[in-house]
Amino acid sequence: MARRTQKRRRGGEKNLDQAALPALSALTELPSFEELAPSERQLDAYREACARAVSSGAGASELVLGCVVRLDRGFPAVLCEDSTFRAEFSARLTKGGLAGRADARVAVGDWVCARRPHGHDMGLIEEIVPRESDIARWRGGARGERQTLAANVDVVLVVQQLGERAVSCERIARSAVIARDCGAGVAVVLTKADRASDDVLARDVAAIREILGEACPLALTSSAATGAEEERVRACAERLGVPWGTDAVRALVPAGVVAIVLGESGAGKSTLLNALLGREALETGEVRASDDTGRHTTVARRMVSLPGAGIIVDEPGLRSLPIVGHERGLAKVFPDVAEAARGCRFRDCTHTHEPGCEVRAGLARGDYSEERLACYVALANEMRESASQLDPDVVL
Ligand SMILES: Nc1nc2c(ncn2[C@@H]2O[C@H](COP(=O)(O)OP(=O)(O)OP(=O)(O)O)[C@@H](O)[C@H]2O)c(=O)[nH]1
Ligand SMILES: [Mg+2]
């Protein structure tokens, strides 16, 4: 009850809040409507949503198909065939029992059936069209919730910064598990190559390939390297067989593909997108010298359209990416280990000491490395633990 009161109060402040949003005329780099393609299923769902909206009083000529291209502190901007407009949720959506459900919340990339009442700037979201996929993470503990980061995304670019400190393969694997669980493809983009010596680059690339396999696409970038320094990292990338620079990232997101960048604050996500755009369109911020992490510079979630390529959603950096109910993703990232685990004598085998453990047998045969197995076991343990702690009322 208290929560509801709080929500209403926030709703009352909406006009005030919206005044502080960036003006629509200032929004640049947005995709064009033609670049965004709903599926046939989504078009059918849109038509059905229109019929429902009309039967509850909307005029058919007021309804448009739109895509949420930006969220500023939760306020959506919607792109439709002939314009971009700010929108709020229709009373039907918020009062129809959908308000408390996580899927009632709109995400960047969502297709919506929106109503544009004649003579009003602000649109109303009547319904969110069912998603083909959504990139979501678990937020909070046992009573937490699934938070959709972006909808209808094809590829997750896992962004990790390089430096003298080794890259966190566990973090990369964790991001890959979440992405594959949501049905998206995965590629790893290593930024700040200028900060890593040739040896460090070779070490980190080998470690990532060990964990994720040779088939996982990689790209190496640096926005700071110029001249001889750029030559050094470019040559090193070539020796390691890793595609180099903005062209390599562009190739991961060809025209027609929607990607999202996922990485910690300060990883260089917005800097990378600016390099791809060829101008400083997105705000970037310094990292703290003490721990080499950023200060959460990006606050809006937004789509940017890359000239001659696809679309990328810029996101605020994420501190935590808990593994909760991601069995499918884990099995997709570690198919060999997951297959072996099915043969273990005990269903709850932890693959550490139990007799009849097929996973350890696979390791002894050399089917996979110790590092790859350690990563799988750590993520599987975390998932087991989170499942046991989850409040029974919480629906994944
Ligand atoms: N040396 C070096 N610094 C870089 C590179 N790319 C980004 N940086 C710096 O890293 C800092 C953080 O970059 P951002 O692009 O703001 O990072 P972000 O991932 O968008 O961070 P959040 O928006 O907070 O999530 C900035 O000071 C950048 O100048 C790089 O290739 N080399
Ligand atoms: Mg940023």
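The values are calculated or read from the model by the stated rules, or taken from the named source; none is laboratory data. Quantities reported herein were computed from a predicted structural model and do not represent experimental measurements. Cβ placement follows ideal geometry from the backbone for every residue including glycine, while neighbour counts extend to all protein chains displayed.
Odds and ends about this structure:
- Checked against (1) touching an Asp or Glu at 6+ places or on another chain (Cβ under 8 Å); (2) in a strand (DSSP E or B); (3) more than 16 Å from ligand 1 (Cβ to nearest atom), residue 136 meets all criteria but (1).
- Yes/no for residue 151 being hydrophobic (A, V, I, L, M, F, W, C) and over 14 Å from residue 313 (Cβ atoms): no
- Residue 266, sole failed condition from (1) of a type outside the set (S, T, N, Q); (2) within 23 Å of the chain's Cα centre (by Cα); (3) at pLDDT below 95; (4) away from ligand 2 (no atom under 16 Å from the Cβ): (4)
- Criterion violated by residue 338 - all others in (1) within 12 Å of ligand 2 (Cβ to nearest atom); (2) part of a helix (DSSP H, G or I) satisfied: (1)
- The C-beta contact set for the stretch 185-211 (first residue within 16 Å of ligand 1 (Cβ to nearest atom), second residue of a type in the set (Asp, Glu) and assigned to a helix (DSSP H, G or I), distance under 6 angstrom, 6+ apart or interchain) comprises 194/229.
- Subset of the stretch 181-216 (residues that are basic (Lys, Arg) and either closer than 20 Å to residue 246 by Cα or in contact with a strand residue (DSSP E or B) (Cβ under 6 Å, 6 or more places away or on another chain) (or both)): 192, 195
- Every pair of residues 6+ apart whose Cβ atoms lie under 7 Å, when the first sits in the stretch 26-51 and is touching a residue at least 12 places away in the same chain (Cβ under 8 Å) while the second is acidic (Asp, Glu) and not in a loop (DSSP other than H, G, I, E, B): 49/126; 49/127
- Criterion: outside the structural domain of residue 206 (by TED's automatic domain parsing) and either at pLDDT 95 or above or surrounded by fewer than 21 Cβ atoms within 10 Å (Cβ to Cβ) (or both) - qualifying residue of 143, 171: 143
- The number of residues in the stretch 201-221 that are out of contact with any Gly (no Cβ under 8 Å at 6 or more places or on another chain) and either in a helix (DSSP H, G or I) or of a type in the set (S, T, N, Q) (or both) comes to 12.
- Failed criterion for residue 291 (all others in (1) within 10 Å of ligand 1 (Cβ to nearest atom); (2) surrounded by fewer than 18 Cβ atoms within 10 Å (Cβ to Cβ); (3) not hydrophobic (A, V, I, L, M, F, W, C) hold): (1)
- Enumerated strands (runs of 3 or more DSSP E) restricted to the stretch 232-329, each holding at least 3 residues that are out of contact with any Ser or Thr (no Cβ under 9 Å at 6 or more places or on another chain): 258-262, 301-305
- Exclusive hit being in the same structural domain as residue 295 (by TED's automatic domain parsing), among the aliphatic types (A, V, I, L, M) and buried (at least 22 other Cβ atoms within 10 Å of the Cβ), set 200, 258: 258
- Within the stretch 346-370, being in contact (Cβ under 8 Å) with a residue 12 or more places away in the chain and of a type in the set (Phe, Trp, Tyr) holds for one residue alone: 368.
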